[in-house]
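Written out below as structure tokens is the structure these notes cover.
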């Protein structure tokens, strides 16, 4: 008997059984319709009508140097190797261009959070921009200024002045948004303003290799270049995520920053213009089943402390290397990333109850968080300045490398400061970047950096190969 015959026969038997069930009164059409789950909303028109007035189109312009194969060759791949990063931003592929200076125009999205004109978007939408234009849903256009940026989470807060009758979007609860529930993405894909697409939450807690605070909401709502910074909205019209990244080779795979993680960052940017993160002063790693057995931890839940920095909060609280951190303020921690996010979210000087396991026994200590150590390390060392580029730099020392998450044997020159509006700032250089090469020539320390830089004539291009934490390698281009 052929498979087609089997399928046809099976279908016939099914139809017979269902018909028999209706005739026998086992269930009726009315009961079946009432019990069946409503899988798709009737429409999204009301939701779109309510949410769209708060969504804006953002156009930026910045002065950059021409790029090319070098940029693509060293573009960071979160999975290692030299292949092109599959997690692309929303500016589309990097195109070949001239080596001379030119104006780069980009598109993005954002959403209004209050009547004062504050707008949330992605950092990569406005980073290094000389000019930012915001177009509202009523086609009114305004100049915007950057209130604050947080490159680590790719969030930015901008503001427009003089706009009236602004309609803010309420923020929801991304933790309460379950996988499989409907969401709507609104933005300007490919510059097509006020585009609405619908889908579901495909997954939560996704790590895509963009940095230490990865915790993305994955969705299959169609998002494309230009959607970056726009809202991901639930069926109550509340923002539960900020659309941020896509998989270039994947269809229907997009990522949004959870609004619960963004709320505190947005509040800090609004009040202080920057983000200050809590710091405990420990080296940590995930707890494997073998380590859990070795340290007598039940349930394999917790994070192993591998290093304690002398004089930092954890050291003062009595935490030791080989302790297992199992909870923060009574809430269990299951991974090093989760612990890092929890501590970073605490304000500087805030006290936290840290539950640890030591020699099979549970203990709770109180840690008073300090300012994140990488900022302290950058501020505590003497640095040399290059005023023409707008950079402050110093050689990377082994103790500092460990504090910043680099290997102790790592070589390079550390960027300790970037002057706002300088050539380096416009090229996208950030504090904490590690300069590995100048014009394809390696630099292991300040002496080599000065030597290579002095060989570049005034007006000639400078290409800096930078290593940026877990984001991989990038190239910053400017002129001498």
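Before moving on, here are some points about what is shown:
- Elements of the type strands (runs of 3 or more DSSP E) sitting completely within the range 107-188 and holding at least 3 residues that are surrounded by 15 or more Cβ atoms within 10 Å (Cβ to Cβ) and in contact with a helix residue (DSSP H, G or I) (Cβ under 6 Å, 6 or more places away or on another chain): these cover 141-150, 155-160.
- Test result for residue 168, touching a strand residue (DSSP E or B) at 6+ places or on another chain (Cβ under 8 Å) and under 23 Å from residue 226 (Cα atoms): yes
- Of the residues making up the range 434-448, those that are at pLDDT 85 or above and under 24 Å from residue 63 (Cβ atoms) are 435, 437, 438, 439.
- Counting only strands (runs of 3 or more DSSP E) wholly contained in the range 211-320, the ones carrying 1 or more residues that are touching a strand residue (DSSP E or B) at 6+ places or on another chain (Cβ under 8 Å), touching a residue at least 60 places away in the same chain (Cβ under 8 Å) and surrounded by fewer than 24 Cβ atoms within 10 Å (Cβ to Cβ) occupy 231-234, 239-247, 254-258, 282-286, 303-308.
- Residue in the range 451-480 that is surrounded by the fewest Cβ atoms within 10 Å (Cβ to Cβ), counting only those that are modelled with pLDDT of 85 or more and part of a helix (DSSP H, G or I): 454
- Residues in the range 335-358 that are farther than 16 Å from residue 261 by Cα and modelled with pLDDT of 85 or more: 10 in all.
The values are calculated or read from the model by the stated rules, or taken from the named source; none is laboratory data. These figures come from a predicted structure and were not determined experimentally. Glycine also receives a Cβ, built like all others from the backbone with ideal geometry; neighbour counts cover every protein chain displayed.
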